[in-house]
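Encoded as structure tokens, the structure appears first; notes follow it.
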Amino acid sequence: MKNLFLTLISILFLFSCSEKKTEKINEKETSTGSIFVLNSTWQNQDGKERQLKDLKGKNMVVVMIFTSCTTACPLLVAEMQKIEKKIDKNKLKETNMVLVSIDPENDTPEILKAYAKQNNMEGEPWIFLRSDKDAVRELANVLAVKYKKISPIVFSHSNIITVFNKNGEMVNQLEGITNSDEVAKSVNGLN
């Protein structure tokens, strides 16, 4: 009886795994290594809802920040601005510079828009995104960004900048805040 029970559990487990795999293959428009398979909904700095797959077709440089940060985030933002200046002008037309908030409770679209204006990051190629806590955590996991809320307005977090190609596949990832040359080189080398 015990063996029969274990056999049934094993069969159910294998069947459920293969079903999930089939669902993903049928749902996806890109490879499973693409960030565009994430199905979460985001708001940009203009309050418009979008999914990550809406960014398909352009390379992306992505960093996770929060606008009330006074330590690492201003340095990451400055690094993103340096990267933008070092990307070839023609390549920049094919690139989105994406800043994702890890503090969706406080970083409303209005706050993100004001932050973009304050940092001279309005218009293309700049995109600021926020979502619910689950979507932010999911994206952070994909990017290997660790963060923890320390107080109502302070987070401890990784300083990682990630480059994706036009299909949403990760091509480079650098930790720290002194990698603008290498990040720009990665973007400039993409098709």
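Brief remarks follow.
- Residue in region 152-189 that is nearest to ASP88 (Cα to Cα), counting only those that are surrounded by fewer than 18 Cβ atoms within 10 Å (Cβ to Cβ) and hydrophobic (A, V, I, L, M, F, W, C): VAL171
- Matching residues in region 65-110 - criterion: being touching an Asp or Glu at 6+ places or on another chain (Cβ under 8 Å) and of a type in the set (A, V, I, L, M): LEU92, MET97
- Where helices (runs of 4 or more DSSP H) fall entirely within region 82-174, none has at least 1 residues that are out of contact with any strand residue (DSSP E or B) (no Cβ under 9 Å at 6 or more places or on another chain), among the β-branched types (Val, Ile, Thr) and closer than 20 Å to VAL187 by Cβ.
- Listed by first and then second residue, the pairs linking a residue in region 34-46 that is not assigned by TED's automatic domain parsing to the domain that holds ASN141 and charged (D, E, K, R) to a residue that is buried (at least 19 other Cβ atoms within 10 Å of the Cβ) and assigned to a loop (DSSP other than H, G, I, E, B), with Cβ atoms under 6 Å apart and 6 or more places separating them unless they lie on different chains, form an empty list.
- Of the residues making up region 74-89, those that are in contact with a Leu (Cβ under 9 Å, 6 or more places away or on another chain) and either buried (at least 21 other Cβ atoms within 10 Å of the Cβ) or within 23 Å of LYS146 (Cα to Cα) (or both) are LEU76, VAL77, MET80.
- Enumeration of residues in region 114-171 that are at pLDDT below 95 and touching a Gly at 6+ places or on another chain (Cβ under 9 Å): ASN159, ILE160, ILE161
- Flag for ILE111 being modelled with pLDDT of 95 or more, over 17 Å from GLU84 (Cα atoms) and either outside the structural domain of ASP54 (by TED's automatic domain parsing) or surrounded by 14 or more Cβ atoms within 10 Å (Cβ to Cβ) (or both): yes
The values are calculated or read from the model by the stated rules, or taken from the named source; none is laboratory data. Everything quoted here is computed from the prediction, not taken from an experiment. Note: ideal-geometry Cβ built from the backbone for every residue, glycine included; neighbour counts use all protein chains shown.
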